Structures are given as C-alpha cells and as structure tokens.
Amino acid sequence: ISLQELMEPEAGTNRTAVIEFTLLGLVETEEMQSVVFVLFLFAYLVTVGGNLSILAAILVEPKLHTPMYFFLGNLSVLDVGCITVTVPTMLSHLLSHKHTISYGACLTQLFFFHVLAGMDCFLLTAMAYDRFLAICRPLTYSTHMSQTVQRMLVATSWTCAFTNALTHTIALTTLNFCGSKEVNHFYCDLPQLFQLSCSSTQLNELLLFALGFLMVGAPVVLILTSYIHVAAAVLQIRSAEGRKKAFSTCGSHLTVVFLFYGTGIFNYMRLGSEEASDKDKGVGVFNTVINPMLNPLIYSLRNTDVQGALWRILVGRRS
C-alpha cells in the first residue's frame, strides 16, 4: 500500500487503507489488565489441560473407543484450537502493552476462529445424530455409525466450516477501512470490523445472516429433531433406572449445545448497532474461554467411564 493510498483512502478503492488495527481489549486500567492477564492465563492452562486430558483418556482407554467418544475427542481438539486462536494474542498484548495487530494477522485470526466455531456447529449435530441412532435404532447402530460414517461426518464438517470461514474472510477483504482502526474487542471478529468499515457492509451482513442460517439453523433443526425422537423413545422405557441412564448420556451434550448456540446466536444475529457494547465482549469471553473450559468438566463430571480413564492416567496404571 502506497503512502498516497494511506493518506487518501479514495485512491485505492479496492484496497484497505489500514495496515493494522488496535485491539482495545477488555479493560483499560493497568491494574485491571494485570488481573485479567492472570485470570485468562489460568483459564487457558485449565482449558488446554482439561481438553488434552479428555483426549488422552479417549485414546488410551479401549472402553472409550466408540463413536460418541470419537466425536468428543474431536470436540476437545476444537476447544483447544478455539481458545488458542484468541487468548494467547490477548495475553501477549497485555504483557507487552502493545495492542496492535496487523491487517493480515487480524484476518487470519478471524478465519481460523470461524473455521473452528463452524466445525463445532456440525460436530455437535453429529453427536446428536449418534445419540439418536444409539437410543432409537440400537439394532442398526453399528452399521449406521461405522468408522467410515464417522470419518465422513467429520470430513464433511471440516469442508463446510472451511468454506464458510473462507467466504467471510474473502468478503471482508473487499471492504475499505479508512477511519478509526480501534477494534472494541480482544480479538478480531466480523461485527466489530463491520463497524470500522467506511464502505457499505450490507452485502457482508447479508452474507453473515444467510450463511449463519445454514450454519446454525440447519444444525439446530437436526439436533431438535434427534432429541424429540430420543425423548419419545426414552419415555417408553418402563424401567426408571433405564430412563435415567438414557437421559444421562444425552444431558451433557444438551448442556454444551445450549451454551454454544445461545451465545453464538446472541453475538451474530443482532447486527446493526453502531456501538460495540461490553455485552459483545462478555459473549466473546463466553464463546472463546468459558465454553471450551466448561466442556471437559461437563463431559467428565457425569461420566464414570471418562472419570475412570482419567484416574488410571493420573495414577499411571490401567486395569
């Protein structure tokens, strides 16, 4: 980008006039920044440690070599990736007191965040389908959820998530940023960058709603359909113990689904506000830090098989 284009945005109509952004972060005072640094470093270490422990338990425990835990292992990898895309950058900014991020790094962060978030959408849907087959179609479960089917579901999920993220990233490169370069967030995301553009974002917002409907709407419908069938099947079980066991295998997944989709819909389906509020930052913290940190706890606290495998890893011996 030439100096003339930087001074006169109109000179480069198809190029951005901003070569870097400033991430304002969560807090302004230096004292609070130290507190935030400690809290987020702790959250990052707990999240990475928790998810890698779940993944290790699934890999080393033969009892957990089932489709449900195959998907759970993939979810753990996604959670580690999601928090790694955003939090280390924020921690380095807090440590160096330099809050700038290059235009290219900002788009890269946005791209990988949307790949991982999109993958989450489809993976949670695959897990709901797995529960539907296990409870409603137990006789044909091994056929309909073979290793080939599992790999196809994961590969299709990656393809759709990659296409969605690439589409948004390419669309964003068509915008001009010639005014303020302060992003009122701790990572680069679409709503905050739309607010900084001095060119029309109407097409980008339309794209976000259209793809958002496909990425969120279709999975939600499939998850709800799966669990309606699951609930109907479970209620027909005469044994109270049997009903309890069937519901317990679904409870953890439903909790994660509500947390993930609730915060995601709140964040992306209410564009139009010119001011990026603190609520957006709170939702961002939930999406990138709290959800990935809670997932290992949700899946391990109510699951004796995972608890047993983790205990055997910790004590260094297996039964």
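The values are calculated or read from the model by the stated rules, or taken from the named source; none is laboratory data. Just so you know, these numbers come straight off a predicted model, no measurement behind them. Ideal geometry is used to build each Cβ from the backbone, glycine not excepted, and the neighbour counts take in all protein chains shown. These area figures cover heavy atoms from the full protein model, side chains too; ligands, DNA and RNA do not enter into them. Shrake-Rupley method; radii C 1.70, N 1.55, O 1.52, S 1.80 Å.
From (1) closer than 15 Å to G118 by Cα; (2) at pLDDT 85 or above, pick out the condition that doesn't hold for F186.
(1) is the only condition that F186 fails.
When you go through (1) open to solvent by 20 Å² or more (accessible area, probe 1.4 Å); (2) more than 18 Å from V85 (Cα to Cα); (3) in contact with a helix residue (DSSP H, G or I) (Cβ under 8 Å, 6 or more places away or on another chain) one by one for W158, which number turns out not to apply?
W158 satisfies every listed condition except (2).
Pairs under 6 Å by beta carbon, first residue in a helix (DSSP H, G or I) in the stretch 195-214, partner of a type in the set (A, V, I, L, M, F, W, C) and open to solvent by 30 Å² or more (accessible area, probe 1.4 Å), six or more apart or different chains?
From the stretch 195-214, the pairs are E205/L271.
Only one of these conditions is not met by C188: (1) surrounded by 12 or more Cβ atoms within 10 Å (Cβ to Cβ); (2) part of a helix (DSSP H, G or I). Which number is it?
Going through (1) surrounded by 12 or more Cβ atoms within 10 Å (Cβ to Cβ); (2) part of a helix (DSSP H, G or I) one by one, C188 breaks only (2).
For residues in the stretch 44-64 being out of contact with any helix residue (DSSP H, G or I) (no Cβ under 8 Å at 6 or more places or on another chain) and open to solvent by 50 Å² or more (accessible area, probe 1.4 Å), which is modelled with the highest pLDDT? Give the steps one after another, and end with the answer.
Keep residues of the stretch 44-64 that are out of contact with any helix residue (DSSP H, G or I) (no Cβ under 8 Å at 6 or more places or on another chain), which gives 45, 49, 62.
Of the ones still in play, those that are also open to solvent by 50 Å² or more (accessible area, probe 1.4 Å) are 45, 62.
Numbers: L45: 95, P62: 85.
Among those that are out of contact with any helix residue (DSSP H, G or I) (no Cβ under 8 Å at 6 or more places or on another chain) and open to solvent by 50 Å² or more (accessible area, probe 1.4 Å), it is L45.
Looking at the stretch 96-116 only, could you name the residues that are of a type in the set (G, A, S) and crowded, with 22+ Cβ neighbours inside 10 Å?
Going residue by residue through the stretch 96-116, those that are of a type in the set (G, A, S) are 96, 102, 104-105.
Once the filter is applied, which keeps residues that are of a type in the set (G, A, S) and crowded, with 22+ Cβ neighbours inside 10 Å, the stretch 96-116 yields nothing.
Taking the criterion of being charged (D, E, K, R) and either modelled with pLDDT under 85 or not in a helix (DSSP H, G or I) (or both), would at least one residue in the stretch 30-43 satisfy it? Steps first, please.
First pass over the stretch 30-43, keeping only residues charged (D, E, K, R): 30-31.
Imposing the further condition that a residue be either modelled with pLDDT under 85 or not in a helix (DSSP H, G or I) (or both) reduces the set to 30-31.
There is at least one residue in the stretch 30-43 that is charged (D, E, K, R) and either modelled with pLDDT under 85 or not in a helix (DSSP H, G or I) (or both).
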